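Encoded as structure tokens, the structure appears first; notes follow it.
Bear in mind these aren't lab numbers, they're just calculated from the coordinates by the rules spelled out. This structure is a prediction, so every number in the text was calculated from the model and none was measured. All Cβ positions, even for glycine, are placed from backbone atoms using ideal geometry, and neighbour counts span all protein chains on display.
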Amino acid sequence: MARFPLFTDNHIRQQIVDGLRARGWDIVRAIDVFPEGTEDDVLFEYAAQEGRVFVSSDEPAQEIPKRWLREGRAFRGMVCWPQRHHRLVSEGDFIAAFEELASRADAFAYPIEYIKPTRPPHA
């Protein structure tokens, strides 16, 4: 399994960070490097410079890698899912999705990966 280093913004629940770390993932949280309220562009730039995959469920932040792609700027990748799906993705589901992504040979062939809900919206 090819685990990749992660950089999470403040939208990622601590239980997810703890669960991934317990499974050996290398994670840096934005709050450990920058003051609270730091702009997403600054966070994304840091992740790119450090060779880390940016992880966020902040929908406006999902526009940053799209802009970078249009500008021809390189970055390791981004994993995201819409905030409206938070209640549809448990901590365990999220961790399992990361483990599955790390097992794929084509992970980040397109540098933006989306975690999809595992339950229907009305479950």
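Top mean-square fluctuation among Leu101, Leu43, Leu69, Gaussian network model of the chain, C-alpha springs under 10 Å? Maximum among the listed residues: Leu69.
Note on the chain: GNM, Cα springs under 10 Å; of Ala61, Ala74, Ala22, the largest mean-square fluctuation is that of Ala22. Summing charges over neighbours of Ile115, with a neighbour being any other residue whose Cβ is under 10 Å away from its Cβ, gives -2 when K and R count +1 and D and E count -1. Taking the helices alone, the chain has a mean residue ellipticity at 222 nm of -10000 deg cm²/dmol, built from -39,500 (n - 2.57) per DSSP H run of at least 4 residues and averaged over all its residues. Each residue of the range 95-106 is assigned a 3J(HN,Hα), and the resulting list reads 4, 4, 5, 5, 4, 5, 4, 5, 7, 7, 5, 9 Hz, derived from the Karplus form 6.51 cos²θ - 1.76 cosθ + 1.60 (θ = phi - 60°), x at Gly and Pro. Relative to the longest principal axis of the Cα atoms of the chain, the long axis of helix 40-50 makes an angle of roughly 80 degrees. The distance between label points at Asn10 and Leu69 comes to 2.8 nm (points 7 Å beyond Cα on the Cα→Cβ vector). What list of ³J(HN,Hα) couplings, whole Hz, do you get for the range 53-67 from phi and the Karplus terms 6.51, -1.76, 1.60, once you set θ to phi - 60° and write x for glycine and proline? For the range 53-67, the Karplus-derived couplings read 7, 7, 10, 7, 10, 6, 4, x, 5, 5, 7, 4, x, 5, 5 Hz, x marking Gly and Pro. Taking the charge dipole of the chain about its Cα centre, with +1 at Lys and Arg Cβ atoms and -1 at Asp and Glu Cβ atoms, the residue from Gly37, His11, Phe98 reaching farthest to the positive side is Phe98.
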